[in-house]
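Peer 1: Sharing a structure with you now.
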Amino acid sequence: MTSYVITGGSLLGEEVADLLIDEGVIREIGKNLKGDVVVDAAGCVVLPGLVDLHTHLREPGREDAETVLSGSRAAAKGGFTCVHAMANTNPVADSAGVVEQVWRLGREAGLVEVRPVGAVTMGLAGQNLAELGAMADSAAAVRVFSDDGKCVYDAAIMRRALEYVKAFDGVIAQHAQEPRLTEDAQMNEGIVSSKLGLAGWPAVAEEAIIARDVLLAQHVGARLHVCHLSTAGSVDIIRWAKARGINVTAEVTPHHLFFTDDVVESYDPIYKVNPPLRTAADVEAVRAGLADGTIDIVATDHAPHPSEDKDCEWSAAAFGMTGLESALAIVNATMVRTKAMSWAQVADRMSFAPAQIGKVNTQGQALAVGNPANIVVFNPDVELEVVPSQSVSGSRNTPYGGHTLPGQVVATFFAGKPTVLESELV
Amino acid sequence: MKHLLSATDLTRDSAITILDTASQLAAATAQGVGKLPPLRGRTVVNLFYEDSTRTRTSFEAAAKRLSADVINFSAKGSSVSKGESLKDTALTLEAMGADAVVIRHHSSGAPHRLANSGWISGGVVNAGDGTHEHPTQALLDAYTLRRHLRDNNGDLSGVKVAIVGDVLHSRVARSNAILLQTLGASVRLVGPPTLLPFGVETWGCEVSYDLDGALDDVDAVMMLRVQRERMNAAYFPSAHEYSNRYGLNSARAARMPEHAIVMHPGPMNRGMEITADVADSKRSVIVEQVSNGVSVRMAVLYLLLGGTEGTA
Ligand SMILES: [Zn+2]
């Protein structure tokens with residue numbers, strides 16, 4: 001088996017050392033190491049492979065937008081070694097059969113570890129629990145359950161789901177969106193929506209569900225994860241819940257760290273996303289929450305769509321944007337270059353913590369001898385313009401087209417094998 | 001001016017140019033010259049995704065009086081209703097050689113997409129998009145106000161206008177709030193709190209929940225159409241309560257200064273936001289608004305197309 005030596009990189013942005021990868025593990029860390037293939041990492045940071053807790057791979061059902069293979073390629077290109085495939089496929093991943101199918105497709109693609117997320121309720125309809133235990137016991141060993149795209153709005157169903165998954169250390173990942181407050185909603189409710197005449201999506205529609213759910217989690221002693229938190233009020237509620245010892249974790253997306261709702265003034269549906277882009281005060285609050293650990297992780301909510309679903313008027317367009325390939329550059333731009341976070345904290349928010357929440361024991365491990373070689377080498381100093389047509393995802397709906405973003409993934413190693421070298425897929 | 005998408009596209013001067021041009025075109029039409037020649041050989045497409053006979057016929061009459069060729073492309077009975085995308089329709093219109101597209105669409109921002117996505121090269125006129133804007137309605141309202149209150153001259157400095165009703169869902173209110181202030185008028189928005197948009201305090205208008213207290217000092221009252229179905233979504237309890245609190249009846253009209261006029265963009269819900277006696281009273285200019293609409297739309301098409309020969 002070929003051995004690889006990553007030379008001169010800064011491990012977690014701290015000490016500079018070489019790293020020898022052999023037979024799937026980190027064999028040695030030190031100076032002047034030798035291997036079959038040399039990856040020059042001078043000036044780069046070396047991080048544990050990124051783990052995404054929130055990825056839409058669209059297969060089965062919407063292979064025109066993304067497949068497990070094309071999504072895995074985009075993930076590898078972005079420095080990920082593990083993604084959690086959301087359940088809102090067609091058919092919905094609400095049975096052992098579907099989650100095992102996705103899991104197998106991930107193994108066949110072989111570029112990242114694909115961990116299927118199971119639906120909480122049958123067909124995402126919010127009425128009857130899906131067979132959560134069967135999905136947990138399946139080959140896919142599901143631990144994260146979510147109706148993402150829809151909110152588990154019924155408080156009694158949510159309570160039971162939170163309780164039920166305690167039996168196998170599962171977690172409910174809630175898409176917090178009060179449905180009655182967001183009927184036909186198109187964008188954040190605020191000054192911009194009032195001007196544009198687009199139906200508003202009030203912050204309270206997210207916050208009310210989060211407030212309810214942290215109290216439910218406390219009551220039943222269960223683990224709750226909050227998807228794509230987007231408002232300042234949500235950060236406050238999570239902070240309050242954690243102070244009370246409630247077992248809650250939360251994620252923020254790169255795009256909610258980066259954009260404000262002002263970009264919607266273009267009426268370009270590339271910016272149409274659920275939850276919607278919020279105000280500058282919200283962006284500031286989620287950045288602060290991520291830095292101080294109130295928000296545990298960054299998750300992409302990578303949501304590919306074919307061009308016809310975005311090349312239309314706003315209200316006819318689909319919600320969602322791609323994010324796997326740009327995530328690390330956005331975190332660099334919004335958190336590291338602003339000195340809000342260190343690279344060690346980035347490793348925590350994008351690898352260690354998400355692996356822990358998802359109970360993925362092969363991922364999110366320290367860069368230490370003997371650990372599985374899931375590694376990303378990132379050059380934080382190059383400036384690159386995003387060209388949507390160059391994306392390796394099955395879709396082109398990146399909102400960063402035309403933006404110059406800081407940083408580039410130089411190499412990704414998944415279980416000791418390179419998936420990206422010299423910034424290209426292997 | 002390449003497009004007219006929003007009242008924010010208009011400066012004080014460009015708006016006054018449109019109003020002055022409208023009154024010249026109205027005078028020429030009144031002299032019975034018949035068709036005026038300036039848009040001969042130009043093609044104007046009326047692309048209507050919503051039923052609105054009054055707005056469509058107004059644009060059609062305006063274009064024809066300027067000798068343009070008019071194509072009515074309505075959503076009913078065409079490929080549009082069979083799910084053809086706005087983009088594909090736009091490409092069709094481009095192939096047909098549309099010099100201007102007048103678009104009415106149920107989706108806010110659709111005219112912006114049409115104008116800015118590279119699908120067509122001609123000008124775009126927003127004839128009402130979702131709950132966003134209806135700039136030619138605001139222009140015709142400004143024209144009407146100027147005729148009655150400023151001797152058809154200059155701007156609207158010092159004019160006080162109350163806009164009453166469902167501001168939240170009204171594209172007419174949005175465009176008027178912008179344009180009337182651009183022209184120097186002051187605007188008071190009146191309605192139940194549920195029908196005033198979140199963030200309305202940033203519009204530069206006075207806001208009131210009390211119609212009775214909002215009439216004493218106005219030069220004009222503009223009543224907005226209120227759909228009865230709104231009460232099903234709990235915006236207000238009943239049509240009865242709405243008209244009691246926010247309808248313009250003769251008792252309320254009597255509180256207005258003698259010179260003040262009553263406006264309505266139509267179509268009216270008589271008995272809901274306005275009573276029949278007020279709608280038909282001497283101070284009502286509702287019928288005149290319709291004829292002013294044609295003049296203003298002639299001016300918009302003329303200025304959009306007349307001066308761009310060879311560059312479109
Ligand atoms: Zn979601």
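The values are calculated or read from the model by the stated rules, or taken from the named source; none is laboratory data. Keep in mind it's a predicted model, so treat the numbers as computed, not measured. Methodologically, a virtual Cβ is constructed for each residue, glycine included, from the backbone with ideal geometry; neighbour enumeration extends over all protein chains shown. Quick note on the areas: whole protein, heavy atoms, side chains included, nothing else; ligands and nucleic acids left out. Shrake-Rupley method; radii C 1.70, N 1.55, O 1.52, S 1.80 Å.
Peer 1: Is the range B:112-233 best put as rounded, prolate or oblate by its Cα gyration tensor, with a ≥ b ≥ c the root eigenvalues, rounded for a/c under 1.5, and otherwise prolate when a/b is larger than b/c, oblate when not?
Peer 2: Cα axes put the range B:112-233 in the oblate bin.
Peer 1: If you line up the long axis of helix B:171-182 against the longest principal axis of chain B, both from Cα atoms, how many degrees apart are they, to the nearest 10?
Peer 2: It is inclined by approximately 90 degrees.
Peer 1: Work out the charge dipole of chain A with +1 on the Cβ of Lys and Arg and -1 on the Cβ of Asp and Glu about the Cα centre, then indicate which of A:340, A:419, A:29 is farthest towards its positive end.
Peer 2: Farthest towards the positive end: A:29.
Peer 1: Okay, moving on. Please state, to two decimals, what the Cα-based radius of gyration of chain B comes to when divided by 2.2 N^0.38 Å (N = residues).
Peer 2: 0.99
Peer 1: Return the average number of partner chain Cβ atoms within 10 angstrom of each residue Cβ along peptide B:110-120.
Peer 2: Rounded to a whole number, the mean comes out at 3.
Peer 1: If you don't mind, there's one more thing I want to ask. Return the distance in nm (one decimal) between the two label points of a simple spin-label model at residue B:217 and residue B:12, each offset 7 Å from Cα along Cα→Cβ.
Peer 2: 2.1 nm
Peer 1: In a Gaussian network model over chain A where Cα atoms closer than 10 Å are linked, find which of A:243, A:373, A:222 has the largest mean-square fluctuation.
Peer 2: It is A:243.
Peer 1: Using a Debye calculation, one point per C-alpha and no hydration shell, please list log10 I(q)/I(0) for the range A:9-144 at q = 0.17, 0.20 Å⁻¹ in order.
Peer 2: -0.87, -1.05
Peer 1: A follow-up question, please. Taking the mean number of other Cβ atoms within 10 Å as a proxy for protection, how do you rank B:18-26, B:264-272 from highest to lowest?
Peer 2: By packing density, highest mean first, the sequence is B:18-26, B:264-272.
Peer 1: Here's a follow-up. Charges only on Cβ, +1 for Lys and Arg, -1 for Asp and Glu: so what's the dipole of chain A about the Cα centre, in debye to the nearest 20?
Peer 2: For this selection, approximately 920 debye.
Peer 1: Further question: So what does residue A:426 come to for accessible area, using a 1.4 Å probe and Å² rounded to 10?
Peer 2: That residue has around 110 Å² of solvent-accessible surface.
Peer 1: If Lys and Arg each add +1 and Asp and Glu each add -1, what is the summed charge of the other residues whose beta carbon sits under 13 Å from the beta carbon of residue B:128?
Peer 2: Residues near residue B:128 contribute +3 overall.
Peer 1: Where does each of A:54, B:112 land when they are ordered by accessible area, with a 1.4 Å probe and the largest first?
Peer 2: Correct descending sequence by accessible area is B:112, A:54.
Peer 1: On to the next question. Provide the net charge surrounding residue A:216, with neighbours chosen by a C-beta distance below 14 Å and charges set as Lys +1, Arg +1, Asp -1, Glu -1.
Peer 2: So the surrounding residues net to +3.
Peer 1: May I ask for the angle, rounded to the nearest 10°, between helix B:86-95 and the longest principal axis of chain B, with both axes built from Cα atoms and the value confined to 0 to 90°?
Peer 2: 40 degrees
Peer 1: If you only keep lysine pairs separated by 8 or more in sequence, or across chains, how many in chain B come under 23 Å at the Cα atoms?
Peer 2: For chain B, qualifying lysine pairs total 6.
Peer 1: Taking the Cα centre of the range B:68-159 as the origin and placing charges on Cβ (Lys, Arg +1; Asp, Glu -1), which of B:136, B:101, B:118 is farthest toward the positive end of the dipole?
Peer 2: B:136
Peer 1: Let me ask you something else. Looking at chain A, identify the longest residue range that excludes and avoids all GluC sites (Glu not before Pro) in DSSP loops having at most 12 other Cβ atoms within 10 Å.
Peer 2: The longest uninterrupted stretch comes out as A:184-421.
Peer 1: Would you please give the FRET efficiency between residue A:169 and residue B:85, computed as 1/(1 + (r/R0)^6) with r the Cβ-Cβ distance and R0 = 45 Å, to the nearest 0.05?
Peer 2: So, using R0 = 45 Å, E works out to roughly 0.45.
Peer 1: Taking only complete DSSP H runs, can you tell me which helices of chain A stretch 15 Å or more along their own long axis by Cα positions and average at least -0.5 on the Kyte-Doolittle scale?
Peer 2: Going by DSSP H runs, the hits are A:96-109, A:203-220, A:232-243, A:280-292.
Peer 1: Further question on the same structure: Please work out, to two decimal places, the log10 of the ratio I(q)/I(0) at q = 0.12, 0.21 Å⁻¹ from a Debye calculation in which every Cα of the range B:158-312 carries one identical scatterer.
Peer 2: -0.53, -1.42
Peer 1: Across the residues of A:221-230, average count of Cβ atoms on other protein chains within 10 Å?
Peer 2: Shielding by partners across A:221-230 averages 0.
Peer 1: Taking the Cβ of residue B:163 as the center, what net charge do the other residues with Cβ under 13 Å away carry, scoring Lys and Arg +1 and Asp and Glu -1?
Peer 2: Computed value for this residue: 0.
Peer 1: Per residue, what volume in Å³ does the Cα convex hull of the range B:241-281 take up?
Peer 2: Roughly 67 Å³ of hull volume per residue.
Peer 1: Loop-only trypsin sites (Lys or Arg not before Pro) in the range A:319-365, please: DSSP not H, G, I, E or B, and at most 14 other Cβ atoms within 10 Å.
Peer 2: Those satisfying the criteria are A:337, A:339.
Peer 1: What FRET efficiency, computed as 1/(1 + (r/R0)^6) with R0 = 35 Å and r the Cβ-Cβ distance, is obtained for residue B:281 and residue B:198, rounded to the nearest 0.05?
Peer 2: 0.50
Peer 1: Give me the summed buried accessible area for the B-A pair, 1.4 Å probe, to the nearest 100 Å².
Peer 2: Interface between B and A: roughly 1400 Å².
Peer 1: Per residue of A:193-204, what is the mean number of Cβ atoms on other protein chains within 10 angstrom of that residue's Cβ?
Peer 2: So the per-residue partner count for this stretch is 6.
Peer 1: Here's a follow-up. Which one, A:267, A:375, A:281, is farthest towards the positive end of the dipole of chain A when Lys and Arg carry +1 and Asp and Glu -1 on their Cβ?
Peer 2: Value computed over the given set: A:375.
Peer 1: So if I place +1 on the C-beta of Lys and Arg and -1 on the C-beta of Asp and Glu, and nothing else carries charge, what would the dipole magnitude of chain B be about its Cα centre? I want it in debye, nearest 20.
Peer 2: About 620 debye.
Peer 1: Another question, then. Tell me whether the range A:49-364 comes out rounded, prolate or oblate; compute the Cα gyration tensor, take square roots of the eigenvalues as a ≥ b ≥ c, and use a/c under 1.5 as the rounded threshold.
Peer 2: rounded
Peer 1: Find the accessible area per residue for the range A:178-235; the probe is 1.4 Å, ligands and nucleic acids are left out, and the unit is Å².
Peer 2: Counting only protein heavy atoms, the per-residue value for the range A:178-235 is 31 Å².
Peer 1: I've got another one for you. Divide, for the protein assembly as shown, the radius of gyration over alpha carbons by 2.2 N^0.38 Å, where N is the residue count.
Peer 2: Normalised Cα radius of gyration, the protein assembly as shown: 1.10.
Peer 1: How much of residue A:137 can a 1.4 Å solvent probe reach, expressed as accessible area in Å² and rounded to 10?
Peer 2: Residue A:137 has an accessible surface of roughly 130 Å² with all protein chains in place.
Peer 1: Counting Lys and Arg as +1 and Asp and Glu as -1, each charge on the Cβ, what is the dipole of the protein assembly as shown about the Cα centre in debye, to the nearest 20?
Peer 2: Roughly 1440 debye for the protein assembly as shown.
Peer 1: Round to the nearest 10 and give me the degree value, 0 to 90, for the angle of helix B:12-30's Cα axis relative to the longest principal axis of chain B.
Peer 2: Roughly 80 degrees between the two axes.
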